[in-house]
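Please read the structure below before turning to the comments.
The values are calculated or read from the model by the stated rules, or taken from the named source; none is laboratory data. The structure displayed is predicted, hence computed values, not measured ones. Here the Cβ is made from the backbone with ideal geometry for all residues, glycine too, and neighbour counts use every protein chain on show. The accessibility values were calculated without ligands, DNA or RNA, using every heavy atom of the protein model including side chains. Shrake-Rupley method; radii C 1.70, N 1.55, O 1.52, S 1.80 Å.
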Amino acid sequence: MTIAILTPSQNPYSETFIQAHKQYLRGKICYYYGTGEGIRLEGVGGLVGQWKRLYFKGIAKLFKKPSGYVRDSMLRTSFKQQGVDVVLVEYGTHAHNLRGVLASLGLPVVVHFHGYDASRQDVIARCDAYREVFQLASKVIAVSRVMEITLLKLGCPKAKLVYNVYGPQPEFTTIEPSFTHRQFIAIGRFTDKKAPYYTLLAFKAVLEQHPDARLLMAGDGDLLNTCKNLAQYLGLQSQVEFLGIIRPEVYRSLLSRSLAFVQHSITAASGDMEGTPLAVLEASAAGLPVVSTYHAGIPDVVVHNETGLLSDEHDVKAMTQNMLRLLDDVDYAQQLGRAGQERVNRFFTLERHIGVLQNLLEEVAD
């Protein structure tokens, strides 16, 4: 089976779940990335040769073809050359942008939603609530129970909808946290829906009782400088470290030396929400308790008082108390971490996630 995976950009550092699809799905994988006439096939480059591209451009100009004709013609040609059997489109927005060519291919299409594409109000409106996407898709994948409900409300046929949360890379399950460092770790993009400023405010209050605690924050994003300024204003320069973008092996090393993973996810003013944050799954797989919020797919994974500690969105005081509970009782932190690791190993492995996706692609390709 030849699987075409389509994404709007190539291997973004924060989208390791897409890299897992490329790496572990069985069959011939053709990875198409980019938008418009800039779409490329990894390992090949342009979809067609220079003369074929000029030919399509000439036809478009001569016969006044609609916008997207050249892109669609190149994609169809490449799919035929590669012998594509089934198409996996990452993000509902990408499927909407390619809906015309996808509908014309005569191939089964699986559309994988991930987060903002199923929650941001302006995005949903621009994509006409995915009406045409739901019609052309053979199957639609949601990565959280909240997203599943949202897509049903938007009109996705229940028979097409599949719940399939991500799984962490197996390397995370081999971590043995020492619980000897009084530090919290947060990793993720500095965006509105992750509300890193709330994590900083909660940690500031933690320091009143545990001045020796530390907070590591890794990632990049629009709010990074704002958070750096806030940390300076709050006088946290010596207790908070901003690490920037870090490699997975560095993250795993930091997890092994941390007390807990922290992230105060919220629903942004735009409606933007998480799917199920992979970093939460990775931290639980590593045996660390998760301190987070009742948001999107997080409570699907983290059970309050059993595998981590959750608070309501925007409740900074409750997040502070949850962080203090772990600092005050390291044995309790270890207990939560072990339970979280067991839960991930039982319900949220990468092997399970890929298996569900593989079976789905094979089913619609038959």
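When the Gaussian network model of the chain links Cα atoms closer than 10 Å, the mean-square fluctuations of L136, L88, L54 top out at L54. Normalised by the number of residues in the range 232-340, the mean separation of alpha-carbon contacts (under 8 Å, six or more apart) gives a relative contact order of 26 percent.
Mind checking the full-extension length gain between E132 and T174? Use 0.36 nm per residue of separation minus the Cα-Cα distance, one decimal, nm. Each step should come with its number before you reach the end.
Numbers: separation 42, 0.36 × 42 = 15.12 nm, distance 4.35 nm.
Once the chain is fully extended between E132 and T174, it gains 10.8 nm.
Considering only beta bridges that DSSP places wholly inside the chain, some 5 percent are antiparallel. The modelled label-to-label distance between E313 and T2, using points 7 Å beyond Cα along the C-beta direction, is 4.4 nm. Among R99, R346, R26, the largest mean-square fluctuation in a Gaussian network model of the chain, built with springs joining Cα atoms closer than 10 Å, belongs to R346. The V330 and Q237 beta-carbon pair, evaluated with R₀ = 22 Å, returns a calculated FRET efficiency of approximately 0.25. For the modelled label position 7 Å from the Cα of Q121 along Cα-to-Cβ, which residues of the range 292-314 have backbone nitrogen atoms closer than 13 Å? No residue qualifies, since no backbone N sits under 13 Å from the label point.
Per-residue extension of 0.36 nm, minus the Cα-Cα distance of N305 and N359, leaves a gain of 16.0 nm for this segment. Extension gain for K80 to R247 (0.36 nm times residue separation, less C-alpha to C-alpha distance): 56.4 nm.
Only helical DSSP H runs with n ≥ 4 go in: add -39500 (n - 2.57) per run for the chain, normalise by residue count and round the 222 nm mean residue ellipticity to 500 deg cm²/dmol. Show your work: numbers first, answer last.
On the way: 16 runs with 160 residues, N = 366.
Computed ellipticity for the chain at 222 nm equals -13000 deg cm²/dmol.
In whole percent, and with a 1.4 Å probe on the protein chains, what portion of the accessible area of the chain is carbon and sulfur? Write down the numbers at each step before the final one.
Values: 7770 of 15820 Å².
With neighbouring chains kept in place, the figure for the chain is 49 percent.
Near the amide H of A186, within less than 5 Å, lie the amide hydrogens of L216, M217, A218, V262, all on another chain or at least 5 residues away, with H placed in the peptide plane. Taking a straight Cα-Cα cut-off under 16 Å and skipping sequence neighbours fewer than 8 places away in the same chain, the lysines within cross-link reach of K61 are K52.
Using unit Cβ charges (K, R positive; D, E negative) and no other charged atoms, how large, in debye to the nearest 20, is the dipole of the chain about its Cα centre? If you can, show how the numbers build up before the last one.
On the way: 38 positive and 36 negative charges, 327 e Å.
I would put it at about 1580 debye.
Structure remark: mean-square fluctuation, Gaussian network model of the chain, C-alpha springs under 10 Å; the largest value among P168, P289, P248 belongs to P248.
Tell me the net charge near R182. Cut-off is 15 Å between Cβ atoms, R182 excluded, with +1 for each Lys or Arg and -1 for each Asp or Glu.
Details: positive: R214, R257, R325; negative: E208, D212, E241, D328, D329, D331.
Neighbour charge sum, excluding R182 itself: -3.
A cut-off of 5 Å between modelled amide H atoms, ignoring neighbours fewer than 5 places along the same chain, links S311 with S292, T293, Y294.
For the pairs K193/K228; K28/K160; K28/K57, flag any whose C-alpha to C-alpha distance is greater than 21 Å. Result: K28/K160; K28/K57 exceed 21 Å.
Can you give the local net charge around S144? Use residues other than it whose beta-carbon is closer than 10 angstrom to its beta-carbon, Lys and Arg +1, Asp and Glu -1. Numbers along the way, then the final one.
On the way: positive: R145; negative: E148, E274, D300.
Taking every Cβ under 10 Å from that of S144, the sum is -2.
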